[in-house]
Each structure stands twice: as structure tokens, then as C-alpha cells.
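Just below is one structure, and these are the notes that go with it.
The values are calculated or read from the model by the stated rules, or taken from the named source; none is laboratory data. No experiment lies behind these values; they were computed from the predicted model shown. Every residue, glycine as well, gets a Cβ built from its backbone with ideal geometry; the counts of neighbours run over all protein chains shown. Keep in mind that these areas ignore ligands, DNA and RNA; they rest on the heavy atoms of the full protein, side chains included. Shrake-Rupley method; radii C 1.70, N 1.55, O 1.52, S 1.80 Å.
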Amino acid sequence: MDAARFDALARRLTTPDARRRVLQALGGLGLAGIASRLPGSEAEAKKRRKPKTNQFGCIDVGKKCYGKSGQCCSGICEGSKKKSKCVAHNVGTCTVNDSSCDVSVPCGVNGECFQTTGKAAFCAEQGRCFCDACKKDKDCEADFGLGAACIVCATDCINVNGSRGTACVPAAPVM
């Protein structure tokens, strides 16, 4: 752009009516929306920190939890705030694919393997199960104490309200 055209444009923008039109055009672009997408903005940070929950409304083991244990199905979030993940407890010799719902899979001292609502392996005390509409391990602590878990066992467990799927179990001693 040459100097003469620039001067003419600058003179046109000095009138109140021209400035108002420019501001309206910029407002139509949504400056707030543009600012919220800038790296490091508060809106972008909140967007990144929204955890993805499973069908039970909690975060699976191994997924990011941003330092908030209450969001984890297991109730345990470990690591630095930016690099924290939900972790399992009372795993013993169980693997994620083990489940005593169909065939007993032994673990620990008089225990059986199950999968929790957070997709974690769990070694539960054999023969002690309470069918309940639990979602997180914390939901089971009132009946079975700290370390209890909410397991998925759709074939064996019909809850009091008639729905199938979850049960509270106490932790078995593991070696």
C-alpha cells in the first residue's frame, strides 16, 4: 500500500461512524472466542482438563485425573498434577481380564479376581459380595471398609432395584 492510500484510509477511520463500524465488525468475529483459543488462556486450560468419564461417571484406571482422586473410579489419583493418573489398588495376582463372575479365578489369601468399574483388576475376599448399584469404589467403603471396590459382574448380580451389573466387595489380603 502506498503512502497516499494509507493516509486516505487513516483519515476515513478518524470519523466516529467509521470507528464504530470497525468495532462492530471485530465484535462480530467474536474477540472473546478468539481470545479463548489462544495458547495458555484460562478457557483453553479448562477445556484440556475436562476428563473423559466412563459409563459409571468416573475415570478409568490409567487415565488422566489432574490430581483429583474423587474423579477416579478407584478413588486414587497419583502423580504430579499435570501428569497424574488414576491407579488401581489391591490387584494382587489378578489381571484386567480376570473375572470370577463366570469361573473362579483365585488370588491372594482366600480371594477371587474381578474387574472394577474403573477397568482395573481387583482381588476380592471370596464369598463376600453385596449386589448394589455402586459406581465408584468409595460407594462400597461404608459396608466393607477402606480398600473395598465396586466390581462389574453383570451375569451374577441383580441389584435390589432390579438392575444388573455392579457389586460391592471387600479386599482380600494379598501377598
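Give me Rg/Rg_expected for segment 58-97, where Rg uses Cα atoms only and Rg_expected = 2.2 N^0.38 Å with N residues.
1.13
What figure, in Å² to the nearest 10, do you get for the accessible area of ARG5 with a 1.4 Å probe and non-protein molecules left out?
So the heavy atoms of ARG5 present about 150 Å² to solvent.
Return the Rg/Rh ratio of segment 93-153 with Cα-based radii and a Kirkwood Rh.
Here Rg/Rh amounts to 0.92.
Within segment 52-67, which residues have the backbone N less than 16 Å from the label spot 7 Å out from LYS81 along Cα→beta-carbon, could you tell me?
The answer is 65-67.
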